[in-house]
């Protein structure tokens, strides 16, 4: 007696839409979270946390380059991919080229615009950099994705 596999479960169309896209449709909430009075302190907080993290893990190899604070010599587990920008701080090991710094400067501007809301916005944009609107805006070629 063979048993047939159960039919695939098709999620409800609204279940595919995450919480971030749903909340971003609420105009007053979007306005409140993205107004500079709210976003800018989030950017400053993220910068302070990343600077502490980067300075501590990178044994204080911190420099200022092109509007970014670069925390280098971090262990590979201390940041994502080839490097990560949090607030105004670029966390990396040795991935510091002019093209990468231009790419990361765009992420810095995104952090400045969105504040801490940038975290769920970036995550909801997807892990595939080729389809992530923030990575596309920063320049896939400069970021080393293509």
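The values are calculated or read from the model by the stated rules, or taken from the named source; none is laboratory data. Since this is a predicted model, take the numbers as computed values, not measurements. No Cβ is skipped: glycine too gets one built from the backbone with ideal geometry, and neighbour counts run over all protein chains shown.
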Give segment 68-94 a look and list any residue that's more than 22 Å from residue 127 (Cα to Cα) and loosely packed, with under 12 Cβ neighbours inside 10 Å, or say none. 94
Note down all Cβ pairs under 6 Å where the first residue falls in segment 78-105 and is within 14 Å of residue 63 (Cβ to Cβ), the second is part of a helix (DSSP H, G or I), and they're at least six residues apart or on different chains. 88/47; 88/108; 89/47; 89/50; 89/51; 89/54; 90/104; 91/54
What residue, among those in segment 21-34 that are surrounded by fewer than 15 Cβ atoms within 10 Å (Cβ to Cβ) and in contact with a helix residue (DSSP H, G or I) (Cβ under 9 Å, 6 or more places away or on another chain), is farthest from residue 108 (Cα to Cα)? 22
Check segment 95-103 and report whether any residue there is at pLDDT 95 or above, surrounded by 15 or more Cβ atoms within 10 Å (Cβ to Cβ), closer than 17 Å to residue 122 by Cα and under 18 Å from the mean Cα position of the chain (by Cα). yes
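Rundown of residues vs (1) more than 19 Å from residue 145 (Cβ to Cβ); (2) within 11 Å of the chain's Cα centre (by Cα), yes/no style:
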position: 23; (1), (2): yes, no
position: 31; (1), (2): yes, no
position: 73; (1), (2): yes, no
position: 83; (1), (2): no, yes
position: 89; (1), (2): yes, no
position: 105; (1), (2): no, no
position: 121; (1), (2): no, yes
